[in-house]
Structure formats: structure tokens, C-alpha cells
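None of the figures in this text is laboratory data; all of them are computed from the coordinates on show. This is a predicted model, so every value here is computed, not measured. Methodologically, a virtual Cβ is constructed for each residue, glycine included, from the backbone with ideal geometry; neighbour enumeration extends over all protein chains shown.
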Amino acid sequence: MRRQMVPALRMFLAMTLLVGFGYSAVVTGFAQVLFRDAADGSLVRSGGRVIGSALIGQAFTGAGYFHPRPSAVDYDGRASGASNLGPSNPEFLEDVTARVAAYRAENSLGPDVAIPVDAVTASASGRDPHISLRNARLQAPRVASARGLGLTVVLALVDEATAQPVGGFLSEPAVNVLALNLMVDEATGTGGSTLEP
């Protein structure tokens, strides 16, 4: 038995060091050298401090900011997930109806304006950093009014912050909310000092 256990234990320790630690260290090293920003979490900095990640949504509630998609996890950095309620679930329908009413009220939209689905439903992760282009454009008048900017200026910022579909057809144009709100701060001269984390 000892004759079999000693080589097995040695192999276990060797593979743990080689694959568990060595491989991880090499991959991490390459990532830090070749893709430093992505390897560190695509962190966004403003005024010398980290204010978020380009890949993780966060809550913005002020009238002078573009608002993200609703979150089933309330943008809790320790959680991720959807509500898992189906479209025929009464609780889901109540939530969406309330969100539609709130979206219309905060953006001064009439009953005939179609509300983008991403404005009233949470993403699968609950942490989506993007909103649709239509959602951003519907919020633009509110942001422009609250910031004292011209609507054409804010719409130009929306267009500048819009990421086009991968390959031109694999998705819809999307707007990163954190990046757009930073651009709005810069346009008003606040330089991110008022950005709500």
C-alpha cells in the first residue's frame, strides 16, 4: 500500500503546484502584461479614484443622470441574478406595470409613447451596464433639463457613447450608462465629482 500511496501523493502535489499554482500564475502574468485593463476588471477612474467598472451596472437615480435597467439584485456587488419570474406571472406583471408608470412620470412621457423593454425589465445578471439607444434617447430630455444643457448636446453625447453591434449585426446598439454619465459630468464641468457611485 505504501508503495502505491507515496507516488500517488507525489503526483498529486506536483500537479497541484504545476496546474493549480503555476498555470494560474502564468496566465495571470500574461493577462497583466497583454490585457491589463481587462484583467483588472475594466475599472473606470475619475478624479484619481475608482468609480465603477465598464462591465458592471450600478444604480443612478438623480434626475441629471441616465438611469440603468432595473436590477433584480438592487445592484448589489455581491449578488447576480434575475427574478426568474415568467411573463405571465402576476408579480412580474405588477412590477413591470409599476416600472412603466414610473418611467413615464420621471421622463414626462405621454401614454402613447412606447417604453423600451430594457427600461422596465431586469437583465439576466441584474448587473447589465448597458441600456438601449432608444432608452437613452427617451431619458435625454430629462437629463438635459436637470443639467441645464441643450437637448442636442445631450443627444450628441448619447450618440458618442453608443457601442455598435459586434460585426454590425450580432446585437443592437447599446449605451454604457456609467460612460455616458461621466460624459454628462464632463460636459457640465463637474468632471465626475458629483457622480453617484
Q: Subtracting the Cα-Cα distance from 0.36 nm times the residue separation, let me have the gained length for residue 21 to residue 78 in nm, one decimal.
A: 17.9 nm
Q | Burial ordering of 92, 169, 35, fewest other beta-carbon atoms within 10 Å first | A | 169, 35, 92
Q.
With angles folded into 0 to 90 degrees, how steeply does helix 2-15 sit against the dominant principal axis of the chain? Use alpha carbons for both and round to 10.
A. 40
Q.
From the mean inverse distance of alpha carbon pairs (Kirkwood) and the Cα radius of gyration, derive Rg over Rh for the range 1-40.
A. 1.34
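Let me have the 222 nm mean residue ellipticity of the chain computed from DSSP H runs of 4+ only, each contributing -39500 (n - 2.57), with the sum over all residues rounded to the nearest 500. Could the numbers behind the result be given before it?
Working: 7 runs with 83 residues, N = 197.
Rounded to the nearest 500, the figure is -13000 deg cm²/dmol.
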Q: Mind sorting out which of (i) 0.94; (ii) 1.38; (iii) 1.29 is the real Cα Rg over 2.2 N^0.38 Å computed from the coordinates?
A: (ii)
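How much length is gained if the chain between residue 156 and residue 98 is pulled fully straight, taking 0.36 nm per residue apart and subtracting their Cα-Cα distance, in nm to one decimal?
Numbers: separation 58, 0.36 × 58 = 20.88 nm, distance 3.04 nm.
Roughly 17.8 nm would be gained on extension.
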**Q.** Between the range 65-113 and the range 124-194, the alpha-carbon center distance in angstrom
**A.** 18
Q.
Between helix 24-34 and the chain, what is the angle of the helix's C-alpha long axis to the longest principal axis, kept within 0 to 90° and rounded to the nearest 10?
A. 40
(Q) Can you give me the long-range amide H partners of residue 53? Hydrogens built in the peptide plane at 1.01 Å from N, cutoff under 5 Å, separation of 5 or more residues or another chain. (A) 44
(Q) Nearest 10 degrees is fine. How inclined is helix 133-147 to the longest principal axis of the chain, computing both from alpha carbons? (A) 60
Q: Give the peptides 104-112, 128-136, 51-59, 143-151 in descending order of average Cβ contacts within 10 Å, highest first.
A: 128-136, 51-59, 143-151, 104-112
